[in-house]
Amino acid sequence: MKKITSVLYIIILICFIGITALLGYRFLNLKNENNSLIQEIDKGKSDIDELDREINDLDKEINILQEDKKDLFTEYQNWLRQNKKLEEVLK
Amino acid sequence: MAKTKQETRRSTQIIIAISIAIICLLLSGISIYFYLSLKGLNEEIIKHKEDLNIINETLNEKQTNLDSLIQTKEDLDNIESKIDEIKSIYFTNAVKAEELARSGQANFKVCYLTFDDGPYSKTTPGFLDVLEEYDVQATFFCLEKEGVDDIYKREKMNCHTIANHTASHAISYIYSNIDLFINDLLENRKFIEDLLGIKTDVMRFPGGSPQVSYSGLNSAAMVERLREIGYGYIDWTLTTGDGGGPTYLTPEQFMHNVTDYSSEFDVISVLMHDYSTNTLICLPDMIEELTAQGYIFLPLSYDAPIVRK
């Protein structure tokens, strides 16, 4: 009886430890996955901010260039249009 | 009395049982904590994955936008060479158009509208307005003139050819010898190149090419000198007659001088002067009548078959 009781106690302990370990393992995995996702999200937001900055800077440069080269830009657009018209005639 | 062995064993068993029970309770508590946290973590992970998808989509859109802006900036930085590129394509097509028209294989004819002696501050803008309204290109045989930089620039911006008609148009001076003529021509070339960054390569003789021999100069030698400095030249097929003066004839007469005879040809160049107010008045009707006769309007280039080299 004593031996049976000891074995029973050990089995019960092993079961409880096993279940706890499984749950703990799953918990840690999900926690790591969540942390990775949070890091990726933070990096993504930071990349978006960086892109926004680049876009704004480039926009400003382009606005200045477009102002400085307004006539040339118009001339270029006009040539594109005239060439398209001529190519239609030649078809 | 000392406890009996049995009693001691019993106490030990009870302590072990209680310890195991406490351990099991603790483990249960930890397991319950883990179990409840898992549900919350799963929901967080699902939400974070959705957020990450949105962020990735946003990143892709912004990257596409950035790439497009970079291309735009590159285009602007290289706008002059892009203009040269498209002009080269255009004029290759224009030469092809004239060749087709001449061969009779085309369902169109080619007209080169040309305007001499400008720019004029009071009248040239009006000509440019009409050409813009009809989306028609022309050739301006310009002299060297101060104070009208914006008109030269507008001619260039609207894809008209700017050609050379000498700097001074001083016939008695420039036709006194070939060197003087060439120098006058080169002076105007430099003026236009400094102002607009374009090197002219098409010219028209003031008074037309016969003026060379009328003035006692050797035409062949003159043409050879033109060739050496990279110029082709052109006279004209038809003219409004406004060389006799801006109101020498009525607008209708100016127009009929061209449109009454233009149907006989497949390729024409029309001589006009952008000081002539009556020519300006008849220009819209002339363009419409020439269009109805099947003409398309092209600006001249050195490679155009109509330009003599």
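Summary of values
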| quantity | calculated |
| --- | --- |
| Some residue of the range B:73-81 being farther than 30 Å from residue B:139 by Cβ, within 7 Å of chain A (Cβ to nearest Cβ) and not polar (S, T, N, Q) | yes |
| Condition met for residue B:217 (open to solvent by 10 Å² or more (accessible area, probe 1.4 Å) and assigned to a loop (DSSP other than H, G, I, E, B)) | yes |
| Of residues in the range B:86-118 being among the hydroxyl-bearing types (Ser, Thr, Tyr) and in a strand (DSSP E or B), the one farthest from the other protein chains (Cβ to nearest Cβ) | B:114 |
| The listed residue being more than 17 Å from residue B:108 (Cβ to Cβ) and surrounded by fewer than 17 Cβ atoms within 10 Å (Cβ to Cβ), out of B:288, B:228, B:264 | B:228 |
| Hits in the range B:119-147 (condition: more than 23 Å from residue A:79 (Cα to Cα) and out of contact with any His (no Cβ under 7 Å at 6 or more places or on another chain)) | B:120, B:121, B:122, B:123, B:144, B:145, B:146, B:147 |
| Selection from the range A:9-38 of residues that are of a type outside the set (Val, Ile, Thr), more than 7 Å from chain B (Cβ to nearest Cβ) and under 17 Å from residue B:25 (Cβ atoms) | A:15, A:18, A:21 |
| Unmet criterion (only one of (1) closer than 30 Å to residue A:67 by Cα; (2) touching a Phe, Trp or Tyr at 6+ places or on another chain (Cβ under 8 Å); (3) not small (Gly, Ala, Ser)) for residue B:111 | (1) |
| When residues of the range B:123-153 are limited to those that are surrounded by fewer than 19 Cβ atoms within 10 Å (Cβ to Cβ) and farther than 25 Å from residue B:184 by Cβ, the one farthest from the other protein chains (Cβ to nearest Cβ) | B:126 |
| Any hit, the range B:47-57, residues being more than 22 Å from residue A:52 (Cβ to Cβ), facing chain A (nearest Cβ under 10 Å), assigned to a helix (DSSP H, G or I) and open to solvent by 80 Å² or more (accessible area, probe 1.4 Å) | yes |
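The values are calculated or read from the model by the stated rules, or taken from the named source; none is laboratory data. Nothing here was measured: the structure is a model prediction, and the numbers come from that model. Glycine gets a Cβ as well: all are built from the backbone with ideal geometry, and neighbour counts include every protein chain shown. Quick note on the areas: whole protein, heavy atoms, side chains included, nothing else; ligands and nucleic acids left out. Shrake-Rupley method; radii C 1.70, N 1.55, O 1.52, S 1.80 Å.
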